[in-house]
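I have placed the structure first, in the form of structure tokens, so that the comments after it can refer back to it.
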Amino acid sequence: MAKPGLPGWLYVLFLTLLATATDEFIIAGVLREIARDLEVGVAAAGQLVTVFAVVYAVGAPTLAVAFDRFPRRSVMVCGLAVFVLANAAAALAPGYAALLTARVAAALGAAVITAAAFTTAAMGAPAGMRGRYLGVATAGMTAALFTGVPLGTWLGVAMGWRATFWLIAAVGVLAAAGLLGTAPSVPGSSTAPLRTRFAPLRSARVLRLVAVTFTAASGGLMFYTYLAAYVAEVATGSGVLLATALFVVGVAGLAGALLAGRAADALGLPRSLRWVIGGHALALLLLAGYAFSDLTGPLSLGLLVALIALWSVFAWGLNPPIQGSIMAAAGAESAMPALALNISGLYLGTGVAGAIGGAVVAAADVRFVPLAGGVLMMLSFLLTHIPLDSTGSTADAPGTGPRDAPQKTADVPSPSTLT
């Protein structure tokens with residue numbers, strides 16, 4: 001029997017996460033304009049990015065526990081209200097301190113929105129389609145890299161950086177209206193005691209999966225951070241080559257998120273997660289091999305772009321299987337705090353990626369970055385083969401089942417029960 005089509009509210013979640021992810025990355029595109037207008041150094045303006053990431057990483061699990069007892073739709077709409085007001089405040093900020101404060105508020109709003117959005121996508125999915133729903137939600141964050149961020153950057157350069165924040169605020173208003181009108185009423189864990197909501201912090205299975213996310217983000221995003229430098233080093237091309245590579249990263253990453261969601265449903269969570277991480281490690285090692293090869297000419301440039309596309313498919317394919325595995329390991333009552341904890345692992349891994357990558361470049365050169373990333377990805381792959389039960393002993397558990405017995409994504413309440 002054919003599976004049902006995707007509901008409209010899922011595309012609203014796509015739009016919601018597109019807005020929050022664009023807000024996260026957009027500062028990089030208008031950094032100089034902000035520094036010049038507010039009369040601060042570029043380094044100080046860059047701290048707006050750092051503060052957003054740190055607040056997001058710390059705030060996600062904390063706020064998820066605090067708001068876990070409320071319906072997910074209410075959490076998302078309230079989070080969007082804070083997010084919209086914060087971006088409006090950023091657009092009106094008279095100085096650096098006011099803008100920094102607005103970015104803190106925006107990060108807190110985005111943190112609670114993201115955890116609730118992924119929980120809604122998973123719990124609102126019919127049986128056997130959780131991975132696909134998570135893939136669509138993840139695609140919203142991926143699409144920000146090659147739609148929201150470039151558009152916002154262009155708008156900021158053409159009309160001033162404040163216009164960028166007005167655009168994000170407007171998208172947030174549209175997303176909130178869409179959620180109010182279409183999102184399923186996924187209930188909060190109102191009956192769960194506080195001990196249950198903090199359970200992910202004590203669960204060996206959840207923490208192991210967060211470690212998988214952390215090491216995968218450290219390895220994969222290390223290469224993304226130094227992608228421009230890598231392309232310039234291994235291929236003496238023009239800016240057109242880099243622009244092509246960045247476009248390919250966005251398109252292939254979007255495809256990877258959607259394909260990984262389908263793979264999670266078809267192959268089961270453990271197998272799809274290992275395929276994604278193993279493929280990611282292989283792609284990075286191939287890119288390392290290319291860096292030390294003597295290939296030249298148009299065919300070699302085509303091979304480089306193809307390898308970058310392959311890497312991007314696997315790099316942005318991580319979220320659907322890892323999010324599904326986290327939910328299966330935590331259980332429905334602790335799903336949102338567990339997903340938020342995983343988001344923290346992702347952001348911490350992103351920070352470590354830049355630090356390790358910088359050390360590699362300083363000690364050797366940028367050609368070694370994909371090799372270092374590949375080593376971290378292999379560590380992440382090994383972690384996926386250590387299924388632990390809640391006591392920490394090796395055992396097959398929901399969401400981490402035996403290697404030779406594919407486990408489908410766990411059944412969840414049907415949409416008809418989420419009214």
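The values are calculated or read from the model by the stated rules, or taken from the named source; none is laboratory data. All figures in this text were calculated on a predicted structure; none of them were measured in a lab. Cβ: placed from backbone, ideal geometry, glycine included. Neighbour counts: every protein chain shown.
Structure summary
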{"item": "Matching entry among PHE247, PHE214, PHE223 (being over 20 Å from VAL369 (Cβ atoms), in contact (Cβ under 8 Å) with a residue 24 or more places away in the chain and hydrophobic (A, V, I, L, M, F, W, C))", "result": "PHE247"}
{"item": "Those residues of region 299-349 which are more than 19 Å from the chain's Cα centre (by Cα) and modelled with pLDDT of 90 or more, in sequence order", "result": "LEU303, LEU304, VAL305, ALA306, LEU307"}
{"item": "Flag if ARG103 is assigned by TED's automatic domain parsing to the domain that holds ARG162, within 21 Å of VAL171 (Cα to Cα) and of a type in the set (D, E, K, R)", "result": "yes"}
{"item": "Qualifying residue in region 379-393 (condition: at pLDDT below 85, hydroxyl-bearing (Ser, Thr, Tyr) and buried (at least 24 other Cβ atoms within 10 Å of the Cβ))", "result": "no"}
{"item": "All positions within region 32-53 that are at pLDDT below 85 and of a type in the set (Val, Ile, Thr)", "result": "VAL42, VAL49, THR50"}
{"item": "Lone qualifier among ALA102, ALA143, ALA106, ALA90 - being at pLDDT 95 or above and closer than 20 Å to LEU15 by Cα", "result": "ALA106"}
{"item": "Helices (runs of 4 or more DSSP H) wholly inside region 34-145 that include at least 2 residues being within 17 Å of the chain's Cα centre (by Cα)", "result": "42-66, 96-123, 130-143"}
{"item": "Residue in region 66-76 that is modelled with the highest pLDDT, counting only those that are of a type in the set (A, V, I, L, M, F, W, C) and surrounded by fewer than 19 Cβ atoms within 10 Å (Cβ to Cβ)", "result": "PHE70"}
{"item": "Number of the condition not met by PRO415 [criteria: (1) closer than 30 Å to LEU180 by Cα; (2) modelled with pLDDT of 85 or more; (3) surrounded by fewer than 18 Cβ atoms within 10 Å (Cβ to Cβ)]", "result": "(2)"}
{"item": "Selected residue (criterion: nearest to the chain's Cα centre (by Cα)) from residues of region 213-271 that are in a helix (DSSP H, G or I) and of a type in the set (Phe, Trp, Tyr)", "result": "PHE214"}
{"item": "Residue in region 316-325 that is more than 13 Å from LEU134 (Cα to Cα) and either of a type in the set (S, T, N, Q) or surrounded by 21 or more Cβ atoms within 10 Å (Cβ to Cβ) (or both) present", "result": "no"}
